[in-house]
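The structure under discussion appears below in the form of structure tokens.
The values are calculated or read from the model by the stated rules, or taken from the named source; none is laboratory data. These numbers come from a predicted model, not from an experiment. With ideal geometry, Cβ positions are generated from the backbone for all residues, glycine too; neighbour counts draw on all protein chains shown.
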């Protein structure tokens, strides 16, 4: 297998690779764009699958990998220029672009590939790929699901102990749960250590997808539905307005009470992770278990010292906890929102038949499972057989992920009304947070502004 660097634009964190194995005719070539993995094992599993496909079919795969923050811009530019890859996958296509591309008729209908394997998928995961095309005037599988994520709680067990509490002290009810970290753990931790430790880390930055994904889980906790199954807005319902007010008040109260770092309002996606790793916060919520997985990656990183690897192993095995959410304010169990990561074949692809063949290959259990598991638990499978893998019972963190998904999930609004991708891209949700914490606007006014913006964009 040969890997060749390809030129990229200045400042873009991108890597391009060409993988080839055996002879191939010029016409048997497939251009693939794929997001760069977070871990070496993730990328290696992808490379192995591609090499296997090349050897099986004689097709030459030209694989270009790009950092997640670059994939959307590069894909949009390729669409504008008419130079799209044959098949593409990114971790952010789902929340930012796929729905709009489908609506505009820019994506190939993949129903002929996905429908025959429909029963192999988790139903909610597959539904995320069922998008509406205004050009075709129908819903169809205009994307393909690869993996999924949901929101987890992660906290330092040893920091909790230093504050004088046991895990059994953590309440299981909504109001009491968040109050515990703010009103009990934070002051006790500061008293015990003499350090300015914060009980929680709540992402609130406009440039943070964590901010809106987290907040929408608070919306779910209050049983708020913003759209119906046909994509019609429900925000004029007084109960929806009140639920949004309650959710936003709960989410921003931790800042008002000084229980999350002041910098939370400007955090980008990595920043709550960094604050956690630096032990300036005791607890945070995060989409995926990447916080814990970072320490597992350290434990397996041969480039680190023995001491650093041991510290990684100890953190992963002993001192970091992964858990689900407390019960909703009404006492019912939390239903978790899943972000299903999708790839696409563009309608303008010059090699759609071969792209679909490669997609079928990647969806085979023996090929997709190693790729998903190569991410060390960061992503949960979309395939039922992969969910039953022993991998998900191997340690406390993966078991927690498994249990949350098996408790039931619900998709994001953009699966029913693609215009919510616009609201997510501009992060109308975090803008509302900042109106409260930075500009001191009353919560009800911030929600009325948010509702007005939702109606303006998605009505």
- Note on the structure: Within the stretch 250-267, residues being surrounded by fewer than 22 Cβ atoms within 10 Å (Cβ to Cβ) and under 15 Å from residue 328 (Cα atoms) number 1
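Do you know which of the residues in the stretch 80-97 that are in contact with a helix residue (DSSP H, G or I) (Cβ under 8 Å, 6 or more places away or on another chain) and assigned to a helix (DSSP H, G or I) is nearest to residue 64 (Cα to Cα)?
Our first condition is that a residue be in contact with a helix residue (DSSP H, G or I) (Cβ under 8 Å, 6 or more places away or on another chain); within the stretch 80-97, this holds for 84-88, 90-97.
From the residues that got through so far, the ones that are assigned to a helix (DSSP H, G or I) too are 93-96.
Numbers: 93: 16, 94: 20, 95: 22, 96: 21 Å.
So, considering only residues that are in contact with a helix residue (DSSP H, G or I) (Cβ under 8 Å, 6 or more places away or on another chain) and assigned to a helix (DSSP H, G or I), the one nearest to residue 64 (Cα to Cα) is 93.
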- Task: Answer yes or no as to whether residue 417 is outside the structural domain of residue 320 (by TED's automatic domain parsing) and more than 23 Å from residue 210 (Cα to Cα).
- Result: no
- Task: For residue 355, indicate whether it is in contact with a strand residue (DSSP E or B) (Cβ under 6 Å, 6 or more places away or on another chain), within 24 Å of residue 43 (Cβ to Cβ) and in a helix (DSSP H, G or I).
- Result: yes
- Item | Filtered residue count, the stretch 120-136, keeping only those that are closer than 14 Å to residue 381 by Cα, touching a helix residue (DSSP H, G or I) at 6+ places or on another chain (Cβ under 9 Å) and surrounded by fewer than 18 Cβ atoms within 10 Å (Cβ to Cβ) | 1
- For the stretch 415-459, which residues satisfy the criterion of being surrounded by fewer than 16 Cβ atoms within 10 Å (Cβ to Cβ), within 21 Å of residue 225 (Cβ to Cβ) and out of contact with any helix residue (DSSP H, G or I) (no Cβ under 9 Å at 6 or more places or on another chain)? 452, 455, 456, 459
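Residue 203: outside any helix (DSSP H, G or I), touching a strand residue (DSSP E or B) at 6+ places or on another chain (Cβ under 9 Å) and at pLDDT 95 or above, yes or no? Spell out how you get there, then give the answer.
Details: outside any helix (DSSP H, G or I): yes; touching a strand residue (DSSP E or B) at 6+ places or on another chain (Cβ under 9 Å): yes; at pLDDT 95 or above: yes.
Taking the combined requirement at face value, the residue satisfies it.
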- Query: Which of (1) without any contact (Cβ under 8 Å) to a residue 12 or more places away in the chain; (2) closer than 21 Å to residue 295 by Cα does residue 123 not meet, given it meets every other one?
  - Reply: (2)
- Message: Between 220, 236, which is out of contact with any helix residue (DSSP H, G or I) (no Cβ under 6 Å at 6 or more places or on another chain) and not in a helix (DSSP H, G or I)?
- Response: 236
- Take the residues of the stretch 164-192 that are more than 27 Å from the chain's Cα centre (by Cα) and buried (at least 23 other Cβ atoms within 10 Å of the Cβ): which is farthest from residue 288 (Cα to Cα)? 189
- Residue under evaluation residue 354, criteria (1) closer than 30 Å to residue 224 by Cα; (2) out of contact with any helix residue (DSSP H, G or I) (no Cβ under 6 Å at 6 or more places or on another chain), criterion not met: (1)
- Selection from the stretch 134-178 of residues that are part of a strand (DSSP E or B) and closer than 23 Å to residue 419 by Cα: 138, 139, 140, 141, 144, 145, 146, 147, 148, 149, 151
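Going by the structure shown, is residue 432 assigned to a helix (DSSP H, G or I), in the same structural domain as residue 125 (by TED's automatic domain parsing) and in contact (Cβ under 8 Å) with a residue 12 or more places away in the chain? Before you say what the answer is, go through the steps one by one.
Numbers: assigned to a helix (DSSP H, G or I): yes; in the same structural domain as residue 125 (by TED's automatic domain parsing): no; in contact (Cβ under 8 Å) with a residue 12 or more places away in the chain: yes.
Judged against the criteria, residue 432 is not a match.
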- Item | Count of residues meeting criterion [within 20 Å of residue 446 (Cα to Cα) and either without any contact (Cβ under 8 Å) to a residue 24 or more places away in the chain or in contact with a strand residue (DSSP E or B) (Cβ under 6 Å, 6 or more places away or on another chain) (or both)] in the stretch 261-276 | 1
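Surrounded by fewer than 16 Cβ atoms within 10 Å (Cβ to Cβ) and farther than 19 Å from residue 424 by Cα: which single residue out of 85, 116 fits that description? Step through it out loud before you land on a result.
Details: 85 fails: surrounded by fewer than 16 Cβ atoms within 10 Å (Cβ to Cβ).
From the options 85, 116, the qualifying one is 116.
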- For residue 390, which of the numbered conditions (1) more than 19 Å from residue 34 (Cα to Cα); (2) in the same structural domain as residue 113 (by TED's automatic domain parsing); (3) under 22 Å from the mean Cα position of the chain (by Cα) fails to hold? (3)
